[in-house]
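Novice: First, the structure itself, so that you have it in front of you.
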Amino acid sequence: MLNNIRNIKSVLPLFFVAVPIFVLDFLTKMLVQMYIPKGTGFSVIQGFFNLRHDRNSGAAFGILANQRTFLVLVTIVALIFIFFYYFRFRHSGWMRISLGFLLGGALGNFYDRIVLGEVVDFLQFGIASKRLYWPTFNVADISVCIGAGTLIVYLFRLQSTE
């Protein structure tokens, strides 16, 4: 029993990062779906930042569009790796934080794929006068990028100390 309590306590830092990210992602996507019709949006910072309700049936930048089953399976494998690496490197604050960001983001987009069949994206940056826009994205995507970035920093720091 004491071992089970220790195991639960050992994953709390992971969830302290992942759960708020998941909730923020869920709430922002819910608000977008409620108030911005699909395929439309509005300018927040004229010519630079828009809120736009888009859907993505693929992965980043729309690659693997309409490959829902494959993307769900890839996410499940990614979740397994997140937990595996968490338990392997849980002594590291960097690793706990980076994997928490990865978990929160992965779960946010995973939820959309399971429930909606596609991911809700709504943040759009670009230069309107030249019609150059970065593909729309969401809070989960930001979280995955932060997690991947901190993981890369951690691994480079770890490698340089060896």
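Read-outs: derived from the displayed coordinates by stated rules, not from any lab. The structure displayed is predicted, hence computed values, not measured ones. Here the Cβ is made from the backbone with ideal geometry for all residues, glycine too, and neighbour counts use every protein chain on show.
Novice: With the calculation restricted to Cα positions, what are the radius of gyration and Dmax of region 87-160 in angstrom?
Specialist: 15.6, 49
Novice: Could I have the simple spin-label model distance between residue 160 and residue 55, label points 7 Å from Cα toward Cβ, reported in nm to one decimal?
Specialist: Modelled inter-label distance: 4.6 nm.
Novice: Read phi for every residue in region 89-102 and hand back ³J(HN,Hα) as whole Hz from Karplus 6.51 cos²θ - 1.76 cosθ + 1.60, θ = phi - 60°, with x for Gly and Pro.
Specialist: Calculated HN-Hα couplings, in order: 10, 5, 6, 9, x, 4, 5, 4, 5, 5, 5, x, 5, 4 Hz.
Novice: At q = 0.13, 0.16, 0.18 Å⁻¹, what is the log10 ratio I(q)/I(0) for region 69-120, with the Debye formula run over Cα points and no solvent?
Specialist: With no solvent term, the Cα-only Debye profile gives -0.33, -0.48, -0.58.
Novice: Roughly what percent of Cα-Cα pairs across the chain reach past 18 Å?
Specialist: Working: 8275 of 13041 pairs.
Of all Cα-Cα distances in the chain, 63 percent exceed 18 Å.
Novice: Expressed as an acute angle from 0 to 90° and rounded to the nearest 10, what is the orientation of the C-alpha long axis of helix 139-161 relative to the principal long axis of the chain?
Specialist: The angle comes out at about 40 degrees.
Novice: Give me the extension gain from residue 9 to residue 116: residue separation times 0.36 nm, minus the current Cα-Cα distance, reported in nm with one decimal.
Specialist: Full-extension gain reported as 35.2 nm.
Novice: A further question on this structure: Give me the lysines in straight-line cross-link reach of residue 29: C-alpha distance below 18 Å, same-chain residues under 8 apart excluded.
Specialist: Partners within reach: 38.
Novice: Mind giving me the nanometre distance, one decimal, between the label points for residue 66 and residue 132, set 7 Å out from Cα along Cα→Cβ?
Specialist: Here the modelled spin labels are 3.2 nm apart.
Novice: Charges on Cβ only, +1 for Lys and Arg, -1 for Asp and Glu, centred on the Cα centroid of the chain; of 153, 76, 58, which one is farthest towards the dipole's positive end?
Specialist: Working it through, the farthest residue towards the positive pole turns out to be 153.
Novice: Could you give the dipole magnitude of the chain about its Cα centre, charging the beta-carbon of Lys and Arg +1 and that of Asp and Glu -1, in debye to the nearest 20? Walk me through the numbers before you get to the answer.
Specialist: Working: 14 positive and 7 negative charges, 34 e Å.
Result for the chain is approximately 160 debye, rounded to the nearest 20.
Novice: Between residue 30 and residue 80, what is 0.36 nm times their sequence separation minus the Cα-Cα distance? Round to one decimal in nm.
Specialist: Values: separation 50, 0.36 × 50 = 18.00 nm, distance 2.70 nm.
So the extension gain works out to 15.3 nm.
Novice: Under a point-charge model restricted to the Cβ atoms of Lys and Arg (+1) and Asp and Glu (-1), what is the dipole moment magnitude of region 101-162 relative to its Cα centre, in debye to the nearest 20?
Specialist: Values: 4 positive and 5 negative charges, 47 e Å.
With Lys and Arg at +1 and Asp and Glu at -1, about 220 debye.
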